[in-house]
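*Asks:* First, the structure itself, so that you have it in front of you.
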Amino acid sequence: MQQQIYQIDVIVQNLKLVASLETGMKNLRKLINLVDFKIDESNYGIINSAINITKCKKLYSKIESNPYLRQICHQHDIQSTINSKQQQVQNILEQEYVLSLQNKDGIRCQVLLQSFLIMDLNKKADKLTIQFIIKPQLDQAYVKLLANKSALLSDCQPFQEFIQAVQQINKNNLFLSEIHQDLFQFKQILLELECSNIYSIAVPDLFQHNFKLIIDLKQQLNVVFEKGSEIEKKFLDKWNLQTYFQMRQTQIIKQFENQITSSFDQALLENIKFILGENVYLPQLKTKSYQFIIQLCNRFCVVIQEALKLPQKDVLVILNQVAYLHQQQLTPIDKINELIKIKLFKLIQEIIIIYQRQVVQECIQNLEPFNGIPAKYRMTNKDFPTQSSNFCGNVFRPLQASIQKLNDQFIQKLFCKSVCKDVMIAFGQIKKQAIDACDKNEELMQKMGVKKNESQDNLKIKQQFQLDEQDLLSQIENKFL
């Protein structure tokens, strides 16, 4: 029984082998007929040739899996025939593709690129484009750039002409990017500029101009470096932005220290404008630039605080200059502006405290006549007062004169509020001293048995102080708040 099963199994295997041979022979006949095709160089014919080559390779791959058929293929050297035919088609594709590029024949280019793609030769098309179209034009522009190598250290014109040449090459070959988006890339151009004078930081203005040119070119050519990638690092390493920033920082600190001795506000304002100016600022250094602006503001505050300690200081001039800066939009970043304003406002408060001491002292001197009110009514038989003292109008005259010298309304109100508060505290002390004396006097007269109508002088004194206080508060409300 087992022997019969074995014989049946052998028969089945033989039948499978015969079937496989029959299929293989059919494929072999197809391959022999197909590989003998004639190459037609028309648009349709070239695509058809690429398809035939691909079919031949697939058929040969199937046939080669059978050892008997593989031997037949080797005997008749069918693989060499396929390779020879593929090489013929590839040679025609390459020749015609270069010719179509030179003639800017977009339709022919598309047909040939499709044929390259069918034969899995699309990278070959990229190399041909660079080799025969892009590279010769770039080499010509690059040779001209190197011819002016020494001029690059002092003049931006040679590099600008090179950039314009690259832009023109891109413009002349726009039809390529429309046909094949990945075909026309300029990353290597940006990475392989080996002229060291382009990257020289000896003249910061020139370096910044060159870098902006290359970044503008990068955007125009739609070149994108993945953030944090090696290719981006390689590009930025060539352009030593860190050293450029340090040179600018040293330059700005020096000119700031020179300017601030003559004009506080203009020194800070002009240097912030300089940092953010189109001939200095680079978006790639945005964070560092704004950190430096904050540092410059901190230094400004220190210089002002030191200036306020000098005996011949003009506090009013300093206050007006800082107030002017406080109202300016110093940067285009709201958060940075807010931080600067906070620093400047604290500085304004410090200056106001110093300036108000002088004005408060002058106002307090004008409070001296109020000390004479008790003497005016005690034992003089004067009538009860019905209006404020005539010297009330003199109290705030120093303040009135001072605020006219302040340019900023916000600072005026802040200053007035602070001065008026201190002056009214001083007035309150004079009033309290006089009222306390009246109360003690009344207490003493009661002990001595003085009649009530004879103690009206104390009420007159209190009434006068009440009227004067109301007058001063009215002045504050109507003139200074």
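*Asks:* May I ask which residue of 433, 342, 291 lies farthest towards the positive end of the charge dipole of segment 278-437, with charges of +1 (Lys, Arg) and -1 (Asp, Glu) on Cβ and the Cα centre as origin?
*Replies:* 433
*Asks:* Roughly to the nearest percent, how much of the accessible area of the chain is carbon and sulfur, given a 1.4 Å probe?
*Replies:* 51
*Asks:* Nearest 500 deg cm²/dmol is fine: what mean residue ellipticity at 222 nm does the chain get from its DSSP H runs of n ≥ 4 alone, each adding -39,500 (n - 2.57), divided by its residue count?
*Replies:* Using -39500 (n - 2.57) per qualifying helix, the result is -24000 deg cm²/dmol.
*Asks:* Counting only heavy atoms of the protein chains, get the accessible area per residue of segment 307-405 (1.4 Å probe) and round it to a whole Å² value.
*Replies:* Roughly 59 Å² per residue, with all protein chains present.
*Asks:* Just to check, using Stokes-Einstein with a Kirkwood Rh over alpha carbon pairs, what's the diffusion coefficient of segment 258-339 at 37 °C and 0.692 mPa s in µm²/s?
*Replies:* 241
*Asks:* Specify, per residue and in Å³, the volume enclosed by the convex hull of the alpha carbon atoms belonging to segment 196-341.
*Replies:* Numbers: hull volume 17.6 nm³, N = 146.
Given the Cα convex hull of segment 196-341, per-residue volume reads 120 Å³.
*Asks:* Hey, what do the phi angles of segment 83-91 turn into as Karplus ³J(HN,Hα) couplings, whole Hz, using 6.51/-1.76/1.60 and θ = phi - 60°, x for Gly and Pro?
*Replies:* 4, 5, 5, 4, 5, 4, 5, 4, 4
*Asks:* I've got another one for you. Provide the net charge surrounding residue 156, with neighbours chosen by a C-beta distance below 12 Å and charges set as Lys +1, Arg +1, Asp -1, Glu -1.
*Replies:* The answer is -2.
*Asks:* Ok, one more. So, by mean Cβ neighbours within 10 angstrom, what's the order for 220-227, 138-145 with the highest one leading?
*Replies:* 138-145, 220-227
*Asks:* Report relative contact order for the chain in percent, whole number only (criteria: Cα-Cα under 8 Å, sequence separation at least 6).
*Replies:* On the way: 358 pairs, mean separation 41.7, N = 481.
Once normalised by length, the contact order is 9 percent.
*Asks:* Once ligands and nucleic acids are excluded and a 1.4 Å probe is used, how much of residue 154 is accessible, expressed in Å² to the nearest 10?
*Replies:* The accessible area comes out at roughly 100 Å².
*Asks:* Under a straight-distance cross-link criterion of Cα-Cα below 21 Å, which lysines are reachable from residue 431, leaving out those fewer than 8 residues away in the same chain?
*Replies:* Answer for residue 431, where 21 Å is the Cα cut-off: 376, 382, 417, 421, 440, 460, 462, listed by chain and number.
*Asks:* Any chance you could run the full-extension gain for residue 171 through residue 157? It's 0.36 nm times the residue separation minus the Cα-Cα distance, nm to one decimal.
*Replies:* 3.0 nm
*Asks:* Counting only the heavy atoms of the protein chains, how much of residue 233 is accessible to a 1.4 Å probe, in Å² to the nearest 10?
*Replies:* 110
*Asks:* Using a 1.4 Å probe and ignoring any ligands, DNA or RNA, find the accessible area of residue 77 and quote it in Å² to the nearest 10.
*Replies:* Only protein atoms counted, so the area is about 80 Å².
*Asks:* Whenever you get a sec, line up 206, 152 from highest to lowest accessible area (probe 1.4 Å, protein heavy atoms).
*Replies:* I get 206, 152, largest accessible area first.
*Asks:* Give 212/288; 313/343; 104/234 a once-over and call out the pairs whose C-alpha atoms are over 25 Å from each other.
*Replies:* On the way: 212/288 17 Å; 313/343 21 Å; 104/234 34 Å.
Result: 104/234 exceed 25 Å.
*Asks:* Please quote Rg/Rh for segment 357-481 to two decimal places, taking the Kirkwood radius as Rh and restricting both calculations to Cα atoms.
*Replies:* Radius of gyration over Kirkwood radius for segment 357-481 works out to 1.08.
*Asks:* Sticking with this structure for a sec: Once you have a ≥ b ≥ c as the square roots of the Cα gyration tensor eigenvalues for segment 76-141, tell me rounded if a/c is under 1.5, and otherwise prolate or oblate according to whether a/b is larger than b/c.
*Replies:* Values: a/c = 2.83, a/b = 2.05, b/c = 1.38.
Verdict is prolate for segment 76-141.
*Asks:* Ok, one more. Quick check of the Kirkwood formula: for the chain, what is the inverse mean of 1/r over all pairs of different Cα atoms, in Å?
*Replies:* 32.9
*Asks:* Please list 410-416, 126-132 highest first by mean number of surrounding beta-carbon atoms within 10 Å per residue.
*Replies:* The peptides rank, most packed first, as 410-416, 126-132.
*Asks:* Separate question: Give the residue from 129, 386, 444 lying farthest towards the positive end of the charge dipole for the chain; charges sit on Cβ (+1 for Lys and Arg, -1 for Asp and Glu) and the dipole is referred to the Cα centre.
*Replies:* Selected residue: 444.
The values are calculated or read from the model by the stated rules, or taken from the named source; none is laboratory data. Quantities reported herein were computed from a predicted structural model and do not represent experimental measurements. Neighbour counts are summed over all protein chains in view; Cβ atoms, including those assigned to glycine, are modelled from backbone coordinates with ideal geometry. Surface areas here come from the heavy atoms of the whole protein model, side chains and all, with no ligands, DNA or RNA. Shrake-Rupley method; radii C 1.70, N 1.55, O 1.52, S 1.80 Å.
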